Amino acid sequence: MISLSFAPALSKSKAAASGIALFVADDKRLPASDVLAPHARFLNHALANSGFTGKKGETLSLVNPESSPTYYLVIGLGAARSVKEIHIEEAGGHALAAALAAKLAGLDIVAALPKGVRAEAADAAARIGFGAQLRSYRFDKYKTKEKEEDKPKLARVAIVTPASAKAQKLAEKFTVLAESIAFTRDLVSEPANVLYPESFAAECRKLSKLGVKVEVLGVAELKKLGMHMLLGVGQGSVKDSQVVVMQYYGGRKGAKPVALVGKGVCFDTGGISIKPANGMEEMKFDMGGAATVTGTIRALAARHAKVNVIGVIGLVENMPDGNAQRPGDVVTSMSGQTVEVLNTDAEGRLVLGDCLWYAVERFQPQCIVDLATLTGAILVALGSTTAGLFSNNDKLCAELNRASAHTQEKIWRLPMGPEFDEMINSDIADIQNISNGREAGSITAAQFLQRFIKDETPWAHLDIAGTAWTKKATALTPKGAVGWGVRLLTEWLENDHKAA
Ligand code: BES
Ligand code: MN
Ligand code: ZN
């Protein structure tokens, strides 16, 4: 991730490979800005004589041999009156992407916004910087032979605004969030031979320097607790299963914490109900829920958020092996309920069920939210930009919806009810881990989780199988791990959550 500076004037760098980015709405008028004045004649000429329309995300790259710097990147904002905070962040992301594509070494982003955009100068500048930080993420630690000309050159990014001191201050909180999202993206991007339950737990331990209490429960302790449903998933792997418990208390003393629970399947082969070879490599991201919980707790702790929050993540590897769980096996969960495992590939719910039960038994949280790359069916229903929301509590959903509207991490609530619940009654045990048909697959998965939640506990489940990974770059996310949910949950807990 790039580091930013904020300044009232353009940088003095005369390096050939540096540039200026600026924002123009669909009226194609330059924003009012002293720093742009010396460049206005050239830019106005270019805007009047090019096909650039100023629509959102459009980029016009210009070179002026007579000016220094030589490069201009004009970023379209669309209709000025419909520009919202998130679009300002996205514009910063587009500017950064254009600078990378142009192989620039230095970039000044002029944060002045066109007439008609409602925004406060310092806030807009900080958001532009945040967007640039998010888009600058790269996971390139395993590229040892990248050609010099393919490597990103961008070493210096400055946001130019008359309110630079105030913007710099505002940017501190955004930077912590961007770093936490990058931390989550790193966890999701790491291959499963590097990130397995024990090495994931070691990453969690690093949060203790931020004031987070981190405990790691190993197989012996999990057995003692009776988490046989979770242990059954990991028993075919040579890697030991782990449950990590993180506690951050920044809120009122004695106030019950909010619990966050994450699915941490470090690799999902499907187990004995093995997945097809084609695309199986994607299943390194099946710990995305756990990564988001960990990144959120990092962000809250580093921002000294005034909340009490605990995180429980279930870390396992789902492998086929002589010792692996078989289809038809019956396991006893920590709750005492018995589960017939009809399909070993429906493993996430087995892991989460024990973690949900444990989190509620131990912490009596005021509410509990879990995140999981739980079902392929959620991709069929909602695609890859909206996560599925399932809940037993309208007020909790309203709070999450409010946070979602602010962050544009989109969620959509799907129904639950007894007609779905009865689909997972087992003939020989209390519950079976899949229904008998293919219908309502994401809902029956959520119903399974609800069997491990008592009615009085407000609970929400976010199915992020579609949103945790992106196959193409977006304004704020390069192709790959998204870090989805870190922002939504941080925003929710800092601003939208009203303690019960
Ligand atoms: N991790 C997968 C869900 C998944 C699938 C995420 C595709 C992202 C892309 C989960 O463990 C799984 O395998 N679910 C099965 C459930 C089925 C066996 C009832 C699925 O969705 O096919
Ligand atoms: Mn699976
Ligand atoms: Zn899975």
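May I ask what percent, to the nearest 5, of DSSP beta bridges between residues of the stretch 1-99 are antiparallel?
Working: 5 of 11 bridges.
In the stretch 1-99, DSSP labels about 45 percent of beta bridges as antiparallel.
Structure note, pairs 173/498; 151/239; 145/284; 209/454; 239/275; 166/410: Cα-Cα distances above 28 angstrom occur for 151/239; 209/454; 166/410.
Of the chymotrypsin sites (Phe, Trp or Tyr not before Pro) in the stretch 242-309, which ones lie in a loop per DSSP and count no more than 15 other C-beta atoms within 10 Å? List each step's numbers first, then the result.
Values: sites: 248, 249, 267, 285; in loops: none.
Passing both the DSSP loop test and the Cβ count: no residue.
To the nearest 20 debye, what charge dipole does the chain have about its Cα centre, counting +1 at the Cβ of each Lys and Arg and -1 at the Cβ of each Asp and Glu?
2160 debye
The long axis of helix 441-450 is offset from the longest Cα principal axis of the chain by roughly 60 degrees. Here the label points at residue 165 and residue 361, each 7 Å from Cα along the C-beta direction, are separated by 5.7 nm in the simple model. Qualifying GluC sites (Glu not before Pro) in the stretch 198-267, where qualification requires a DSSP coil assignment and no more than 11 other C-beta atoms within 10 Å, are lacking entirely.
Past the 26 Å Cα-Cα mark, which pairs from 153/263; 55/395; 141/206; 147/471; 213/479? Display every interim value, and only then the final one.
Values: 153/263 37 Å; 55/395 38 Å; 141/206 20 Å; 147/471 23 Å; 213/479 33 Å.
Going by Cα-Cα distance, 153/263; 55/395; 213/479 fall outside the 26 Å limit.
If r is the Cβ-Cβ distance from residue 275 to residue 495 and R0 is 35 Å, what FRET efficiency results, to the nearest 0.05? The partial results should precede the final answer.
On the way: r = 40 Å, r/R0 = 1.13.
Taking R0 as 35 Å, the efficiency between residue 275 and residue 495 is 0.30.
What value, in deg cm²/dmol to 500, does the helix sum -39500 (n - 2.57) over DSSP H runs of n ≥ 4 give at 222 nm once divided by the residues of the chain?
Working: 14 runs with 161 residues, N = 500.
The helix-only estimate for the chain comes to -10000 deg cm²/dmol at 222 nm.
The alpha-carbon positions of the chain define a convex hull whose volume is 152 Å³ per residue. In sequence order, the stretch 188-203 has phi-based couplings of 5, 7, 4, x, 6, 6, 9, 9, 10, x, 5, 6, 5, 4, 5, 5 Hz under the Karplus curve 6.51 cos²θ - 1.76 cosθ + 1.60, θ = phi - 60°, and Gly or Pro positions carry x.
The Rg/Rh ratio for the stretch 268-408, using Cα coordinates for both the radius of gyration and the Kirkwood hydrodynamic radius, is 0.98. When the trypsin sites (Lys or Arg not before Pro) in the stretch 117-173 are filtered for DSSP coil states and for at most 12 other beta-carbon atoms within 10 Å of their beta-carbon, the remaining sites are 118, 141, 143, 145, 147.
Residue-wise HN-Hα couplings along the stretch 151-157, as the Karplus relation 6.51 cos²θ - 1.76 cosθ + 1.60 with θ = phi - 60° gives them from phi, are 6, x, 9, 5, 9, 9, 10 Hz; Gly and Pro carry x. To put it simply, the accessible area of the stretch 296-340 at a 1.4 Å probe is 47 percent carbon and sulfur.
What FRET efficiency comes out for the pair residue 219/residue 401, r = Cβ-Cβ distance, R0 = 41 Å, nearest 0.05?
0.55
With the simple spin-label model, which puts each label point 7 Å out from Cα in the Cβ direction, the residue 13 to residue 142 separation comes to 3.1 nm.
The values are calculated or read from the model by the stated rules, or taken from the named source; none is laboratory data. None of the values given here were measured: they were computed from a predicted structure. When we count neighbours, we look across all protein chains shown, and the Cβ atoms used for this are built from the backbone with ideal geometry, even at glycine. In case anyone asks, the SASA skips ligands and DNA or RNA and just uses the protein heavy atoms, side chains included. Shrake-Rupley method; radii C 1.70, N 1.55, O 1.52, S 1.80 Å.
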